[in-house]
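Below you'll find the structure, written out as structure tokens, and then a few comments.
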Amino acid sequence: MYRKERMEHIIQERLALHISREVEDEISALITVTRVEIDNNNEYAIVYVSVLPEGKEKQTLTLLEKKKGYLAFKVLKEMKVRILPLISFRVDSEAKKLHN
């Protein structure tokens, strides 16, 4: 099994790749996966994203939630692990502060 930090990093990289390929065009926005936090039991992963242009955050989160099963399947397949933490998406408020 991956160490927690390694798993967070790999999930971040893989999700960023698949989001840029398969989600950004649908919404006409730039979506950046800023960080991933996995709980201590490796059951849940919170994926933080920043969205440009501003104002598309809600629409982006709705689309990501709709596609999270598909995105998780793609990541799981690439990581070759049996279980992937349950993914939820949130807008990264820290990244938003840096943009302003």
| request: Would you tally the residues in region 9-67 being within 16 Å of D92 (Cα to Cα), without any contact (Cβ under 8 Å) to a residue 60 or more places away in the chain and among the polar types (S, T, N, Q)? | output: 5
| query | Quick one: in region 1-45, which of the residues that are basic (K, R) and within 10 Å of the chain's Cα centre (by Cα) is nearest to T60 (Cα to Cα)? | reply | R35
| For L52, are the conditions met, namely being under 24 Å from R6 (Cβ atoms) and hydrophobic (A, V, I, L, M, F, W, C)? | no
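Readers should treat all values here as calculations from the given coordinates under stated rules, not as data from a laboratory. Keep in mind the model is a prediction, meaning the values are calculated, not measured. Please note: Cβ atoms are built from the backbone with ideal geometry, for glycine as well, and neighbour counts cover all protein chains shown.
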